Amino acid sequence: MKLYLTPHACSLAVDIVARELGIPLALEWVDVRAKKLRDGSDYYKVNPKGQVPTLEMDDGEFLTEGPVIVQFLADGVAGNDLLAAPGSMARYRVLEWMNFVGTELHKGFTPLFRPTTPREYRDIARQNLENRFRWLDGVLAGKPFLTGATFTVADAYCYTILMWSKLHDIDLTLWPNLKAYVERIADRPSVKAAEKAERAAKTGT
């Protein structure tokens with residue numbers, strides 16, 4: 001299968017999950033601003049939304065939306081700990097976190113990435129994010145991951161979005177539990193490998 005991705009995007013979470021599961025993916029880098037692939041072809045022909053990630057499956061079908069892609073990958077590997085079995089409360093707890101990350105953190109950062117966002121609203125967006133970080137810091141007190149002792153697809157997604165704090169000079173040291181959580185995940189081999197691939201993308205190697 002092939003993963004279409006770009007540096008500093010939520011596609012990193014998909015790459016992390018695939019590596020955790022031992023699923024090899026061919027990586028296809030996308031210029032999201034220009035909507036072009038490295039060979040100059042039109043990315044809209046791959047994903048009409050023009051966003052990453054996109055997963056191209058073995059049968060040529062495309063799947064979009066990172067939270068859905070990681071569920072698809074996890075469900076394809078029996079007995080993994082990244083996503084509990086369908087119908088279990090443990091699974092719904094992970095999906096509950098996925099929804100929180102997507103709506104409260106991922107979309108919360110969106111105004112900070114847009115150069116046209118007015119200064120006043122940028123300040124509001126930062127304050128909203130800091131309120132979420134403060135709450136997360138309390139939730140993470142005494143447990144290594146979002147749902148407890150086990151790393152899940154929700155942690156891969158949450159880590160990816162929290163890393164955007166570096167791009168916007170938000171200092172996570174204000175929230176020690178949250179900072180320790182990020183450092184804990186950053187030390188995982190899957191994360192190190194995925195971030196190494198991102199660094200290679202920046203230089204085109």
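The values are calculated or read from the model by the stated rules, or taken from the named source; none is laboratory data. All values reported here derive from a predicted model rather than from experimental measurement. Just the protein is used for accessible areas: all its heavy atoms, side chains included, with ligands, DNA and RNA removed. Shrake-Rupley method; radii C 1.70, N 1.55, O 1.52, S 1.80 Å.
When DSSP beta bridges are restricted to pairs lying wholly in the chain, around 70% turn out antiparallel.
For the range 144-174 versus the range 13-72, the inter-centroid distance based on Cα atoms is 22 Å. Here the Karplus curve 6.51 cos²θ - 1.76 cosθ + 1.60, taken at θ = phi - 60°, turns the phi angles of the range 103-111 into couplings of 8, 9, 9, 4, 5, x, 7, 3, x Hz, with x standing for Gly and Pro. Given the pairs K45/K166; K2/K179; K45/K196, which are separated by over 30 angstrom at their Cα positions? Flagged as over cut-off: K45/K166; K2/K179.
How large a share of the accessible area of the range 1-65, in percent, is made up of carbon and sulfur atoms when the probe is 1.4 Å and the other protein chains stay in place? Within the range 1-65, the accessible surface is 49 percent carbon and sulfur. Per residue, the chain exposes 51 Å² of accessible surface when a 1.4 Å probe is rolled over the protein heavy atoms with every protein chain present.
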